[in-house]
Amino acid sequence: MATTDLPNGRKTQSTGTAASGTAARRTNGAVVAVKNVFVAESSTFYTILGVTLFLVVFGVVMVLSSSSVEQYAATHDFFGAASRQGLYAVLGVPLMLIASRLSARFWRRWAMWIVGIGLIVQALVVLTPLGYSIQGNRNWIKLGSFTAQPSEILKLALVLGIGAIMYVKRDKLDDWKEVYIPIGIAALGSIGLVLLGGDQGTAMIMLILVFGALYVGGARAKHLLLGLVVLAVALPFVTMASSSRQSRISAWLSGCTDTSQYQDLCWQPVHGMWALASGGVFGVGLGNSKAKWSWLPEADNDYIFAIIGEELGLVGAVVVLALFVVLAIGMIKIIRQSNDPFVRTVTGGVLAWIIGQALVNIAVVLGLLPVLGVPLPLISAGGSALIMTLVAIGVVLSFARELPGKHDLPGKHDLPGANARSVPSTTNGTLR
């Protein structure tokens, strides 16, 4: 340890003291960095997180209840589908939490790369032998025993891409060439590839999230209206391009009054309505559904809301709706409190995606829309949909962490003068 002779003959351990002070400051900095990882979040953060986790757990329970009979008939294992759903949740929840620790700047920087990757993978599904068809929709990729639905990745990629473009062009929103040509290329490319695979339901959800993101991001009303007009003109051509779509829409428009279609196109919607109606106010009890005994196809997926209504009644159905409302309110708070165009646009897109998809799923069960094959977010069986929805919510949670003024009171170490004694002072460069 070095010493310094002073004029009065006394010695001081200046170098050692300085080194000790530097080491102490480094230690304090490391402690602060670790504390920041576990710092208390805003109430909005915990509201969204809590509702999401509850819906995921509730979904695993309902998948078990709705799939147990058919799973046992097929594999002699009541818990097969529920075990897989639980595994997807165990994978998706940590990914959500990891996504929530990343910054808005990170997502903005990598947004267009994610869009590119999503488009490439979806193109592989539609244009190469890697694509795999399920119930007529070629929107799956299969590698050995592993299957995934890249269109779910493309939803998040599209939201992030629109957010990045709206951020870069935030001062040029009146110039449709500057803003909407790049967004149109990304959106039409993504939705077009999904439609080539025959998945009209997913394409509809992607359209909803595009308009939701643009509206919240500050797009001009005249541009949105023009987009809706173009969509209205194109929709009949897209619908008529597939005979199966025409048949489903015709059966829905007829109200399934044609008995010749009862065993075919009307079987699922009719039995879904019967299941939902038979639950009454309080339901027949968890696990006591009759529709799941091979009467209702896709009882654990597209029509899981019918099983919720049957087993838990009107009360259970309303509670599920209320939870989605709370989730929407949490995201709306983020939109209102943030001044970042990227944060607002992406949050608006995720909000339109999740809530719009939930409303479409429930509308199909209620007979307000034709059968589209759209799952109920966070609840229906399915790995790709659950995991990517959780990651999207993780992105929104990362925005909630960065909200201005989210902490009510500063810590004692943040107060002025709290560490005055530990900070060395200088006069004319001399350590005092």
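Here, each number is a calculation from the coordinates, and none is a lab measurement. The model shown is predicted, which means the values in this text are computed figures rather than measured ones. Using ideal geometry, Cβ is built from the backbone for each residue, glycine included, and neighbour counts are taken over all protein chains shown.
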Check: Under 17 Å from a point 7 Å along the Cα-to-Cβ line of Ser244: which residues of segment 114-135 have their amide N that close?
Finding: 125-127, 131-135
Next item on the list: Please find the FRET efficiency linking Arg336 to Leu95, where r is the Cβ-Cβ separation and R0 is fixed at 22 Å, and quote it to the nearest 0.05.
Entry: 0.20
Checklist line | For segment 132-141, Karplus couplings with θ = phi - 60° (6.51, -1.76, 1.60), whole Hz, Gly/Pro x | finding: 9, 9, 10, 6, x, 9, 8, 10, 10, 10
Margin query: Can you list residues from other chains, or at least 5 along the same chain, whose modelled amide H is less than 5 Å from the amide H of Lys142?
Written below: Tyr132
Checklist line | About the Cα centre, charge dipole magnitude for segment 42-403 (Lys/Arg +1, Asp/Glu -1 at Cβ), debye | finding: 1100 debye
Next item on the list: Please give the length that would be gained between Trp293 and Leu321 if that part of the chain were fully extended, namely 0.36 nm times their separation in residues minus their C-alpha to C-alpha distance (nm, one decimal).
Entry: 7.5 nm
Note to self: Can you compute 3J(HN,Hα) from phi for each residue in segment 239-246, using the Karplus curve 6.51 cos²θ - 1.76 cosθ + 1.60 with θ = phi - 60°, rounded to whole Hz and x for Gly and Pro?
What the structure shows: 5, 6, 6, 10, 5, 5, 5, 4
Note to self: Less than 13 Å apart at the alpha-carbon level, and either on another chain or at least 8 residues along: which aspartates and glutamates does that give for Lys290?
What the structure shows: Glu70, Glu310, Glu311
Margin query: What percentages make up the Cα-Cα pair-distance distribution of segment 133-260 when the bins are 5 Å wide from 0?
Written below: 2, 9, 18, 19, 16, 13, 10, 7, 4, 1, 1, 0
Checklist line | Cβ-derived FRET efficiency at R0 22 Å, Gln263 paired with Ile134, nearest 0.05 | finding: 0.50
Notebook entry, point to check: Taking the simple approach of a point 7 Å from Cα along Cα-to-Cβ for both Val57 and Leu87, what is their distance in nm?
Noted result: 2.3 nm
Check: Short version: ³J(HN,Hα) in whole Hz for each residue of segment 216-228, in order, from phi by Karplus 6.51 cos²θ - 1.76 cosθ + 1.60 (θ = phi - 60°), x for Gly and Pro, what are they?
Finding: 5, x, x, 4, 5, 4, 5, 6, 5, 5, 4, x, 5
Checklist line | q = 0.15, 0.16, 0.19, 0.20 Å⁻¹: log10 I(q)/I(0) that the Debye formula gives for segment 45-204, counting C-alpha atoms only | finding: -1.03, -1.12, -1.29, -1.30
